Amino acid sequence: MAEGHYSPAGSPLIAAMPGRERLSSIFWMFATHAIEVEVDTETGVVKVLKVAASHDVGKAINPMLCEQQIEGAVVMGLSNTLFEEFKTEKGRILNDTLADYKLATIMDIPRSRPS
């Protein structure tokens, strides 16, 4: 179990808004995600079993597009967390092509279930 949060305290964008120095965020979004994974303790391979994402989007003008936006963000987050690594050596990029830079594929994402 793990928990995290981000606060842009001291952000130059917040500092540029007179009278708003005490804000903890430039914008507010109400969302939560939970992910169930399976870890092979011998190999370190992580398999994503389930993802639950909930966002308060207000009145969705295009619900399907809204759902697809959230699903895309989940896939990008999983890809960034589990696979992506920017490798350098002596200032040179070692994995500068998509052949060398690992991204999540459809095989890495759990099967979608209707909401």
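When the residues of the range 50-73 are filtered to those that are among the polar types (S, T, N, Q) and within 19 Å of ILE106 (Cα to Cα), which remaining residue is most open to solvent (accessible area, probe 1.4 Å)? Ranking the candidates gives GLN69 first. Set side by side, the residues LYS102, LYS47 differ, and just one is open to solvent by 80 Å² or more (accessible area, probe 1.4 Å), of a type in the set (Lys, Arg) and in a loop (DSSP other than H, G, I, E, B), which is LYS102. When residues in the range 74-87 are screened for being farther than 24 Å from HIS55 by Cα and either open to solvent by less than 80 Å² (accessible area, probe 1.4 Å) or touching a residue at least 60 places away in the same chain (Cβ under 8 Å) (or both), 2 of them pass.
The values are calculated or read from the model by the stated rules, or taken from the named source; none is laboratory data. This one's a predicted model, so the numbers in the text were calculated from it and none came from an experiment. Cβ coordinates were reconstructed from backbone atoms using ideal geometry, including for glycine residues, and neighbour counts include every protein chain displayed. Accessible surface areas use protein heavy atoms only, side chains included; no ligands, DNA or RNA. Shrake-Rupley method; radii C 1.70, N 1.55, O 1.52, S 1.80 Å.
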